[in-house]
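Participant: Please see the structure below; I have some questions.
What follows is calculated from the coordinates using simple rules that are stated; it is not laboratory data. Since the model is a prediction, treat every value here as computed from it, not as a measurement. Every residue, glycine as well, gets a Cβ built from its backbone with ideal geometry; the counts of neighbours run over all protein chains shown.
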Amino acid sequence: MLRSASPRRPAAVLAAGAALLGLVWLAGPASQPPLYDGPVVAEPYRYCQPPPGFAPQQPPSTVDHNVRVVNGQSPPIADSTAEQPPQAELLAPANVFAVPPGAVTIRVAMLCAPPPRVLPPDGRLDGNVYRFTVSAGGTPLGIRPGQQVTVVLRGPAGAPNPVMERLANGQWMKLDTQPLGNASPDSYAANVTALGDMALVVVDAVVPVEGSDRTPMVAALAVVAVALVAAAALLTLRRSSGRR
């Protein structure tokens with residue numbers, strides 16, 4: 001898990017995530033770490049709902065499986081979708097989720113979310129909206145107080161510095177986002193205290209506010225226009241006087 005991420009420490013975020021992955025791979029014999037022979041070559045982005053004009057493509061992969069509870073606690077989690085690099089990842093240490101008494105397994109899922117009814121007001125969605133859930137018996141599990149898990153999302157290539165946002169109670173909330181750099185191109189990580197629907201958002205440089213009062217701007221333009229007209233009239237009058 002990444003602890004106390006800071007916008008000034010993306011390298012520390014990446015290193016901590018890699019360390020967590022290594023610990024989970026060592027503890028879990030069911031899976032093996034991927035092998036990298038050289039630079040990461042990113043495959044084309046896979047859309048849940050392809051934008052207009054996109055040819056039919058292979059759908060994105062998903063994660064949906066059960067893991068065993070260990071001594072009443074949630075086990076370490078290091079799950080990712082199958083794309084190269086993954087388009088969605090979830091990293092969590094042991095005992096970070098509040099497991100109800102008697103639960104034997106918990107379900108970990110990273111699925112395509114339905115198209116959101118509410119779009120981010122500060123920019124445009126960059127790629128898919130993923131629904132992250134960890135549940136037991138159909139009930140989502142909360143993250144224990146004071147604990148965090150790490151979510152990683154990859155977006156389409158070339159987006160200018162997107163931020164990760166979470167849709168909660170009908171509102172998009174910005175998350176402290178860290179780029180992973182060359183190790184995973186176009187991928188971004190954020191520590192979260194709750195799961196749900198998450199996406200990358202390319203924030204607009206200027207966000208128009210509906211119904212905003214533009215009177216000061218109009219007034220300023222009017223003053224400038226009047227000044228220019230007055231100056232032109234004065235110049236014309238001086239030239240006429242000089243000729244006389």
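Participant: What is the distance, in nm, between label points placed 7 Å from the Cα along the Cα-to-Cβ direction at Val203 and at Gln57?
Facilitator: Calculated label separation equals 2.6 nm.
Participant: So for Ser187, Ser80, fewest C-beta neighbours within 10 Å to most, what's the order?
Facilitator: Ser80, Ser187
Participant: Once you compute Rg and the Kirkwood Rh from C-alpha atoms, what is the Rg to Rh ratio for region 44-117?
Facilitator: That ratio equals 1.10.
Participant: While we're looking at this one, here's another question. Distance in nm between label sites at Ser135 and Ala103, each 7 Å beyond Cα in the beta-carbon direction?
Facilitator: Here the answer is 1.2 nm between the modelled labels.
Participant: Further question on the same structure: For region 64-79 and region 169-205, what is the separation of their C-alpha centers, rounded to whole Å?
Facilitator: Cα centres, region 64-79 to region 169-205: 24 Å.
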